[in-house]
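One structure is given below, encoded as C-alpha cells.
Bear in mind these aren't lab numbers, they're just calculated from the coordinates by the rules spelled out. Because the structure is predicted, anything quoted here is derived from the model rather than measured. Virtual Cβ from ideal backbone geometry, glycine too; neighbours counted across all protein chains shown.
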Amino acid sequence: MPMKLSDLFVPKIARSDPKVRKKAVAQESNPVVLKKVVENDSDPGVRQAAQQRLEEIQAQG
C-alpha cells in the first residue's frame, strides 16, 4: 500500500496503513496513547495489538 501524502505529517501510530500502526503500537510506551488506539482505531488487529501492549506495560509497572 503506497503511503499517502498526509501520512508524512502524522506520527506512525496515526498513519493510514494498519501494518505501520501495528508496528508503532508495539514500540509505544505511553498508556494514554495506547488506550486511545484501543478505543478508536479502525483496524481490529491494531486495536488488539494496542490492548496487548497496554497489558504488558501495566504488568511491568
Residue hits (the range 6-41; over 14 Å from L54 (Cβ atoms), in contact with an Asp or Glu (Cβ under 6 Å, 6 or more places away or on another chain) and assigned to a helix (DSSP H, G or I)) are P18
Taking the range 21-31 and keeping residues surrounded by fewer than 18 Cβ atoms within 10 Å (Cβ to Cβ) and more than 20 Å from G61 (Cβ to Cβ) leaves K23
Within the range 32-61, the count of residues that are surrounded by 14 or more Cβ atoms within 10 Å (Cβ to Cβ) and within 18 Å of P11 (Cα to Cα) comes to 12
